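Scroll down for the structure; my scribbles are underneath it.
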Amino acid sequence: MPSFTLAEPSAEPTAAAKAIEYLKTEGQSWMADQGCVSCHQIPAMVWSLGSAAGHGLDVSDEELSQWIGWSTDAVNFVRPTQREGVDIDKTLAGNIDTMSALMLAVPGQSDAPWRKQFAEKLCSEQAEDGSWKACGQLPAQKRPKLETTQATTLWVTLALMRNGTNAFDADAAIRFADEGPEAKSTEWYAVRLLVAAEQGSDQLDAHLQNLLRHQNTDGGWGWITGAKSDALATGIALYALGETGVAASAEIAKARQFLQSTQTDSGSWKVPGTKTSAKDKPTATANYWGTAWAVVGMLSTESQIP
């Protein structure tokens, strides 16, 4: 594997640094206006801003701690008007993706009660076929519902494996994720690579090549493979490449350049909605989600710039 060096510091703010204020402002607005964690908004906020803080960017440790504490309190998985007498067990069961995302977003706090609570609930919710049910609006995404369920299953598997949890059937989960027709979304290929790396699988290179072959000529990936490149898919792909430490420096450089060249003046990226109803038009949710993932992907590959 080739050696990589850190990029020389630049006088100009990095793409990740430019996005921080947008992620803070929009994330806090969601907390104030919606009052709930949501499977996409606040986990993405915590993940991206936590990564930014870890890389020395301008994120307050105190604020980050507050956001983590708020988002990992399951009562905040529902809106304020629904909290009286809320059934926490039922609420957790309906937030599979939220729990796995938060476990991945906050890799520390290994002894935190919320992490134990989430891990135990995720294990108890695994179906007999090895899968976990995608929750919220995720089943409405513009890809086969089976693939959405497979993606959720892979993210949960990754979260539990990284947590050191053994009380689930990882083999069944991976078999479920691998069955059926060829995947259509970049997310599936990226998270499949992440799980293979976590396993120490001898199929790691095959999964790497599966992801790389869907990279577009402009350096990005489309959320649906072969579609126009966007920040959401490109950020997720970069995260997978960065976390697995694979030798793909040229592909990483091209993807980073795509993100740098498509960032808007606000620090965000415009991203087509992932739901069929969005009709490939940018949505506020997709913009936020994509911006968060762009930051995570850029920071994950910062040391792999050729």
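Computing FRET efficiency as 1/(1 + (r/R0)^6) for Q137 and D87, where r is the C-beta to C-beta distance and R0 is 22 Å, gives about 0.60. The relative contact order of the chain comes to 21 percent, based on Cα pairs under 8 Å that sit 6 or more residues apart.
Just checking the listed ones, V156, V86, V46: in the Gaussian network model of the chain with Cα springs under 10 Å, the one fluctuating most is V86. When the Cα centres of the stretch 274-306 and the stretch 112-129 are compared, how far apart do they sit, in Å? Rounded to whole Å, the Cα centres lie 27 Å apart. The H on the amide N of D230, modeled in the peptide plane, is under 5 Å from the matching H of W221, G222, W223, each at least 5 residues off or on a different chain.
Scalar couplings 3J(HN,Hα) for the stretch 151-158, obtained by applying the Karplus form with A = 6.51, B = -1.76, C = 1.60 to θ = phi - 60°, are 5, 4, 4, 5, 5, 5, 4, 4 Hz; x denotes Gly and Pro.
Among the chymotrypsin sites (Phe, Trp or Tyr not before Pro) found in the stretch 97-146, not one is both in a DSSP coil and sparsely packed, with 14 or fewer other Cβ atoms within 10 Å of its Cβ.
Please give the contour-minus-distance gain from D58 to K279: 0.36 nm per residue of separation, less the Cα-Cα distance, rounded to one decimal in nm. Write down the numbers at each step before the final one.
Details: separation 221, 0.36 × 221 = 79.56 nm, distance 3.57 nm.
Net length gain for the segment: 76.0 nm.
Direction-averaged projected area, Cα convex hull, the chain: 15.3 nm², rounded to one decimal. Residue by residue, the stretch 16-28 carries 3J(HN,Hα) couplings of 5, 4, 5, 7, 4, 4, 4, 5, 5, 4, 5, x, 5 Hz when phi is fed to the Karplus relation 6.51 cos²θ - 1.76 cosθ + 1.60 (θ = phi - 60°); x denotes Gly or Pro. Shape of the stretch 1-132 from its Cα gyration tensor (a ≥ b ≥ c, root eigenvalues): rounded if a/c is under 1.5, otherwise prolate when a/b > b/c, or oblate? Oblate shape, in that a/c is at least 1.5 and b/c is the bigger or equal ratio. Of the GluC sites (Glu not before Pro) found in the stretch 54-161, those that fall in a DSSP loop while having at most 11 other beta-carbon atoms within 10 Å are E84, E128. Comparing K228, K279, K24 in a Gaussian network model of the chain (Cα springs below 10 Å), the most mobile by mean-square fluctuation is K279. For the residue pairs K121/K281; K184/K254; K24/K184; K18/K275; K254/K275, the alpha carbons lie more than 29 Å apart in K121/K281; K24/K184. Here D178 and E120 are evaluated by their C-beta separation; at R0 = 35 Å the FRET efficiency comes out at 0.85. Here is how the number arises for the chain: DSSP H runs of 4 or more residues each give -39500 (n - 2.57), the sum is divided by the residue count, and the result at 222 nm is -17500 deg cm²/dmol. Under a Gaussian network description of the chain, with springs only between Cα atoms under 10 Å, the residue in A173, A93, A32 that fluctuates furthest is A32.
The length gained by stretching the chain between Q66 and D218 to full extension, at 0.36 nm per residue less their Cα-Cα distance, is 50.9 nm.
As a proxy for reagent exposure, R256, R175 were ordered by neighbouring Cβ count within 10 angstrom, fewest first; the result is R175, R256.
All of the numbers you see were taken from the coordinates with simple rules; none came from a lab. Every value quoted in this text rests on a predicted model; they were computed, and no experiment measured them. All Cβ positions, glycine included, derive from the backbone under ideal geometry; neighbour counts span all protein chains shown.
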